Every structure is written in structure tokens, then in C-alpha cells.
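The values are calculated or read from the model by the stated rules, or taken from the named source; none is laboratory data. The structure presented is a predicted model; accordingly, all values stated were derived computationally and were not measured. Here the Cβ is made from the backbone with ideal geometry for all residues, glycine too, and neighbour counts use every protein chain on show.
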Amino acid sequence: MKIDEINIEIIRELKHGKQSFKKIADKLSITENTVRTRVNKLTENGVLDICGLIDPSALPGHRVVMIGIKLSEMNIVEKGEEISRLRGVISASVVTGRYDIMAIVLFKEGFGLLEFYTDEISNIDGINYVETFVIYKSYNLKVPYIH
């Protein structure tokens, strides 16, 4: 899908999530129907999600960690996709550097690092090792609430 300047401007206006299509249309000097059609196309093509995001530090008993994953095999895209579907995983990204995949995981009471490693990550074949990075303080980190 082609992302042109109008699509980018619409996405910028949607960053607050509450902006009406009418207000966006007026600001960009286009019709409300154009905004609605473009937002629907962006959503249908998986380019745009409109969702509520939270600051995980504001939720009692919740913690976000980043996990670096080194694979023992080279099917990194397939493994990244598999890891992205594990419980608690907000995102999994194929990266360069000493890890093959970086995952961002949301934990809560009753589902923490131990449960993630023993019940989730241990079911993935081909993992050589993992390293956990606990996020104690973050700036501008907002995540979808997935539990």
C-alpha cells in the first residue's frame, strides 16, 4: 500500500486517538469521507491500528521487560513470528547485533518472568540463549494492554 503525505498527516492527527474525522478533514482541507476511507484502507492493510495504549508503570503489579533471544538456527523470521504469538509478548522484532530477536513482554501478578520462560519460551525449539532486560524506568513507553 502506498503511504502518501496525506496518509502521513492523517496518522499524525490520529496520534491522540480521539480526534474526529471531521476535525482532521477540516485541518487538512479534505473531506471527512476521504479521511474515513483512507483510515479504513490503512487499517485493512495492517499499516495502522487505532488502540488505547497504557503506561505500564501506572498499573499495579505490571512490569515490562525486553528479552534478547539468540537462535541456534537461521529461520529467524519464522521464529520471530512464533515468539510474537506467545502469552505476554507485545512485540517481537528481528534485529541485528548479538541477538537475533528482541521481544517486549508485559508481565502481571501471576504471570512473570519465570512463568514466561517455563511455560512459553521453553516451547520454542532452536533458542540458544536469552537475556532479560528489566525496564525500571522508561520515557514515552506506552503499550497495549494484552492480558
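Among the residues of region 92-147, those identified as within 16 Å of residue 69 (Cα to Cα) and polar (S, T, N, Q) are 93, 96, 118, 122, 123, 128, 132.
Take the conditions (1) surrounded by 15 or more Cβ atoms within 10 Å (Cβ to Cβ); (2) among the aliphatic types (A, V, I, L, M); (3) not in a strand (DSSP E or B); residue 67 misses just one of them, which is (3).
Conditions tested, residue by residue: (1) within 30 Å of residue 13 (Cα to Cα); (2) assigned by TED's automatic domain parsing to the domain that holds residue 14; (3) modelled with pLDDT of 90 or more.
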| site | (1), (2), (3) |
| --- | --- |
| 63 | yes, no, yes |
| 68 | no, no, yes |
| 71 | no, no, yes |
| 78 | no, no, yes |
| 82 | no, no, yes |
| 106 | yes, no, yes |
| 111 | no, no, yes |
| 125 | no, no, yes |
| 145 | yes, no, no |
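Selection of region 105-147 for residues being of a type in the set (Phe, Trp, Tyr), within 16 Å of residue 86 (Cα to Cα) and in contact with a Lys or Arg (Cβ under 9 Å, 6 or more places away or on another chain) yields 107, 111, 116. Listed by first and then second residue, the pairs with beta-carbon distance under 6 Å, at least 6 apart or on different chains, first residue in region 126-141 and loosely packed, with under 12 Cβ neighbours inside 10 Å, second at pLDDT below 90 and hydrophobic (A, V, I, L, M, F, W, C), form an empty list.
What are the residues in region 8-57 that are in contact with a helix residue (DSSP H, G or I) (Cβ under 6 Å, 6 or more places away or on another chain), in a helix (DSSP H, G or I) and of a type outside the set (A, V, I, L, M), if any?
Going through region 8-57, the residues in contact with a helix residue (DSSP H, G or I) (Cβ under 6 Å, 6 or more places away or on another chain) turn out to be 9-10, 13, 19, 21-22, 24-25, 28, 31-32, 35-36, 38, 48.
Imposing the further condition that a residue be in a helix (DSSP H, G or I) reduces the set to 9-10, 13, 21-22, 24-25, 28, 32, 35-36, 38.
Within region 8-57, 9, 13, 21, 22, 32, 36, 38 qualify.
When you check residue 55 against the structure, is it in contact (Cβ under 8 Å) with a residue 40 or more places away in the chain and among the acidic types (Asp, Glu), yes or no? It is true that residue 55 is in contact (Cβ under 8 Å) with a residue 40 or more places away in the chain and among the acidic types (Asp, Glu).
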